[in-house]
1. For THR321 and LEU420, what does the FRET efficiency come to when R0 = 56 Å and r is the distance between their Cβ atoms, rounded to the nearest 0.05?
2. Which of ALA52, MET76, ILE113 sits closest to the plus end of the dipole of the stretch 49-125, meaning its Cα is farthest towards the positive end, when Lys and Arg get +1 and Asp and Glu get -1 on the C-beta?
3. Full extension from ALA175 to ILE225: what is 0.36 nm times the residue separation minus their Cα-Cα distance, to one decimal in nm?
4. Could you order the peptides 299-309, 91-101 from most to least packed, using the average number of other C-beta atoms within 10 Å per residue?
5. Which loop GluC sites (Glu not before Pro) in the stretch 1-96, with loop taken from DSSP, have no more than 10 other Cβ atoms within 10 angstrom of their Cβ?
6. Restricting to DSSP loop positions (anything but H, G, I, E, B) with no more than 15 other Cβ atoms inside 10 Å of their own Cβ, which trypsin sites (Lys or Arg not before Pro) remain in the stretch 215-313?
7. Rounded, prolate or oblate: pick one for the stretch 110-175, where a ≥ b ≥ c are the square roots of the eigenvalues of its C-alpha gyration tensor, a/c under 1.5 means rounded, and failing that, prolate if a/b is larger than b/c, else oblate.
8. With charges set only on the Cβ (+1 for Lys and Arg, -1 for Asp and Glu), what does the dipole of the stretch 63-209 come to about its Cα centre, in debye to the nearest 20?
Amino acid sequence: MAHGPEFKPKEGSLLAWTEQRLPIVGLVHGALGPGYPAPRNLNYLWNFGVLAGFCLVMQIVTGIILVMHYTPHVDMAFDSVERIMRDVNYGWMLRYIHANGASFFFIVVYIHIFRGLYYGSYKAPRELLWMLGLVIFLLMMATAFMGYVLPWGQMSFWGATVITNFFSAFNDLYAGDPGMENGLGDVVVQLLLGGFSVDNPTLSRFFSLHYLLPFVIAGVVILHIWALHIPGSNNPLGIDVKGKQDKIPFHPYYTAKDAFGLFVFLTIFCLFVFYMPNALGHPDNYIPADPLVTPAHIVPEWYYLAFYTILKSFTIDFIFTAKFWGVIAMFGAIILLFFLPWLDTSKVRSAKFRPMFRFFFWVLMVDLVLLTWIGGKSADDIIFMNVQAVTIGQIATFWYFFHFLVLLPVLSRVEKTLPLPDSIASAVIKKA
């Protein structure tokens, strides 16, 4: 993509002297300012990339401050969180911003991913951009899981116990030589826990990684933005930019649009932080961790529930145990998305011109909502007409994999697409 006007500070100025030695302002000018020409038809769904960056900065800043008052020890972790809430100046606000910020970060990223799916942002030449985004998503999931353990409440402790024990399923691959006590899965679990159960070494490891990984995410975000600026942004029409008439400077047009989107986001976010701060959490996490008392229903945070349903949907042993297949399917549900550019081979990117793809995209969205809802239910809960939750979860899991592995490749070959406009400019003018 061609670049916009070059950044030229006044000769002899301090800014010019600095730019010759460390061109930071010029880099920002070319990445987010008038120097970056963007397609002229981007809608508000393109705000969510900036919102994701804002959420990351917010999480890092609040996390650094919270760390100053947190004690990563099983005997003091829960009380240190309560001290933050009660005794630290504005500690309650910082904790609620950080806790709810994690949920809103996932909301923003999920919408960002779904927008990419709808408009074909994973197609050439943006395959690496898509993959880097998925790497960020995986790092987010790991960071959020480790952070959920830190308050050391009941759900923190038992969530860590259940999730880490998933890896024991890899004993099916290698159970160990005769006379050995541990198989491959047991070795992995002990490596994660730092011992044979969730205890102080586990908390120390999770605290260390939870503090480190956001900075790793920030590094991958820089690569993600770099990969974006090579081919340029996709757009709702999914067609390539063909000339100056198809582009406008990112600043001031999209910075103003992003500022409005940020205002709306902060309004909704503040409603949760100040009026219903615990709406997205679990009440059991306000009970100190007790290894001798198991909660009635152990569930992960809402943003993991769809994958948790996939895990629980495998109930029959076949060659390997059902637990093994559940773990493979859970991780496979995300890894599958890395191959999306080659599963969907249609030359048309945007769902605007793919009516069948658009219909099944919304079916997939309903399926994901169903997977999330079922994830919060017990396996033997009756949903309707004597149908158990596990059965509905199995159907929804089947459809998820069917959509990507069968439906998309077939649609790519048989779907009759609508005619594409000649250019972005002609489509915008016609619409106006």
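Every number in this text was worked out from the coordinates using simple rules, so none of it is lab data. Since the model is a prediction, treat every value here as computed from it, not as a measurement. Cβ: placed from backbone, ideal geometry, glycine included. Neighbour counts: every protein chain shown.
1. 0.70
2. ILE113
3. 13.7 nm
4. In descending order of packing, they fall as 299-309, 91-101.
5. GLU6, GLU11
6. Those that pass, being in a loop and sparsely packed, are LYS242.
7. Here the stretch 110-175 falls in the oblate category.
8. It comes to approximately 800 debye.
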